[in-house]
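One structure below.
The values are calculated or read from the model by the stated rules, or taken from the named source; none is laboratory data. The model shown is predicted, which means the values in this text are computed figures rather than measured ones. Heads up, the Cβs are rebuilt from the backbone with ideal geometry, glycines too, and the neighbour counts pull from every protein chain shown. Side chains included, ligands, DNA and RNA excluded: accessible areas come from the protein's heavy atoms. Shrake-Rupley method; radii C 1.70, N 1.55, O 1.52, S 1.80 Å.
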Amino acid sequence: AALGFRREVWRLWRHWIGSGRWRLAAETDYLQIYENTHSLPRAWLANAELVATEQDELSIIRSGKLSGGQSWEPLRTALVEAPTGIAMDSSTIAGNAEVVRHEPNRVAVKTDSASPAILVLSENHYPGWRASVDGKSVEVIRVDYNLRGVAVPAGSHLVEFVYRPKSVLVGLVISLLTLALLLWWLLGSRASRPQRARERE
């Protein structure tokens with residue numbers, strides 16, 4: 001069984017290497033390092049969208065082909081589950097996107113484009129992530145099956161992603177209510193002490 005597993009892994013490895021996607025970048029006596037020539041940037045602006053189901057999105061991503069047989073260009077066309085309603089101009093240059101801040105719970109991206117576009121961040125779409133454009137809250141769009149996206153207008157903007165799940169907000173509210181009740185109880189018990197002392201006299 002172990003021999004069969006190793007053969008299958010080797011067969012897949014030869015297929016991946018032979019696909020042209022991986023380029024040998026460095027090699028030692030014990031190690032080979034390959035570069036993924038199809039890698040995408042950390043963030044980019046797409047100036048076109050294609051509405052597709054989850055299954056269709058997976059098929060397009062795996063094959064690199066649209067349903068009509070044309071090549072899919074992820075840097076130009078974002079796969080979305082529903083129309084965004086953005087008036088994009090696919091004939092123009094999409095623009096630039098630069099990650100200026102990257103922390104575990106916060107990502108900031110500067111964008112600059114001549115027309116409205118979809119900012120795609122190559123990080124997983126996950127509940128709890130919220131976004132804003134120039135400080136104004138906007139919807140986080142699920143693009144390319146499981147990446148984060150945001151609609152940005154033309155011009156220069158600062159887009160911020162912040163991880164703030166509802167569970168944290170609920171916990172904060174409960175903690176504040178508990179603190180308020182404790183303070184109320186402490187203040188009430190202190191106020192009743194002088195009254196008790198006078199009654200004893």
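Some notes on this structure:
- Pairs, first more than 21 Å from R42 (Cα to Cα) and open to solvent by less than 70 Å² (accessible area, probe 1.4 Å) in the stretch 156-178, second modelled with pLDDT of 95 or more and not basic (K, R), C-beta under 6 Å, six or more apart: none
- Members of the stretch 41-72 found to be assigned to a loop (DSSP other than H, G, I, E, B), closer than 19 Å to R148 by Cβ and open to solvent by 70 Å² or more (accessible area, probe 1.4 Å), listed by number: R42
- Restricting the stretch 91-138 to residues that are in contact with a Phe, Trp or Tyr (Cβ under 6 Å, 6 or more places away or on another chain) and not small (G, A, S), the residue that is surrounded by the fewest Cβ atoms within 10 Å (Cβ to Cβ) is N105.
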